[in-house]
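Below is one structure; the comments refer to it alone.
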Amino acid sequence: MERLADLTGEYGMGEQVFAFGADYMVLKHLKQVNPEFHIGLIVPFVPADPVKLMEEMDAMVYLSYVYNMTPKIVEDLHRAGYFVDGAILREEKWTRLARELGVDMYESDRPELEKRTAAGKNVIEKQGNI
């Protein structure tokens, strides 16, 4: 981590580092090494207070399974200024839930799900790329 901080500092790229993980001790240490680094928490559980966890970790993105989220969790995180990631989705029911919850982003290796669950025309279709 120190080497990463040295290299990114040398090239003025500290603000471009974005680390995601579920090992919070490692992420905390990384943030101590260089406070410019951005942190994304992988949260495979439902914390008692998601906003407090994000504050304590000085994180920017809350990444969890959409089935571990509620509208209140997403709303509270958004109100506190955090981004919410619905994790990797491979089934239409989960992409639909992600949209209903209002997550900021999610990942999928099945782009056809986005096409089926998108409201109206898909943005990619509008751009003429499909």
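What the table shows:
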read-out	value
Solvent-accessible surface (1.4 angstrom probe) belonging to residue 23, in square angstrom, nearest 10	80 Å²
Low-density loop positions, GluC sites (Glu not before Pro), region 14-114 - DSSP coil, at most 15 other Cβ in 10 Å	36, 91
Coil-residue chymotrypsin sites (Phe, Trp or Tyr not before Pro) of region 1-91, DSSP, other Cβ within 10 Å capped at 14	11, 45
Counting all C-alpha pairs of the chain, share separated by more than 21 Å (%)	48 percent
Amide H partners (placed H, <5 Å) of residue 108, local residues excluded	89
Cα gyration tensor of region 1-70 - equivalent ellipsoid semi-axes, whole Å, descending	26, 11, 9
Range in the chain, longest, excluding exposed trypsin sites (Lys or Arg not before Pro) [loop by DSSP; at most 16 other beta-carbon atoms within 10 Å]	1-89
Segment residue 24-residue 48, extension gain: residue separation times 0.36 nm, minus the distance between their alpha carbons	7.0 nm
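The values are calculated or read from the model by the stated rules, or taken from the named source; none is laboratory data. Keep in mind it's a predicted model, so treat the numbers as computed, not measured. Ideal geometry is used to build each Cβ from the backbone, glycine not excepted, and the neighbour counts take in all protein chains shown. For the accessible areas, the whole protein counts, side chains as well, though only heavy atoms, and no ligand, DNA or RNA atoms are used. Shrake-Rupley method; radii C 1.70, N 1.55, O 1.52, S 1.80 Å.
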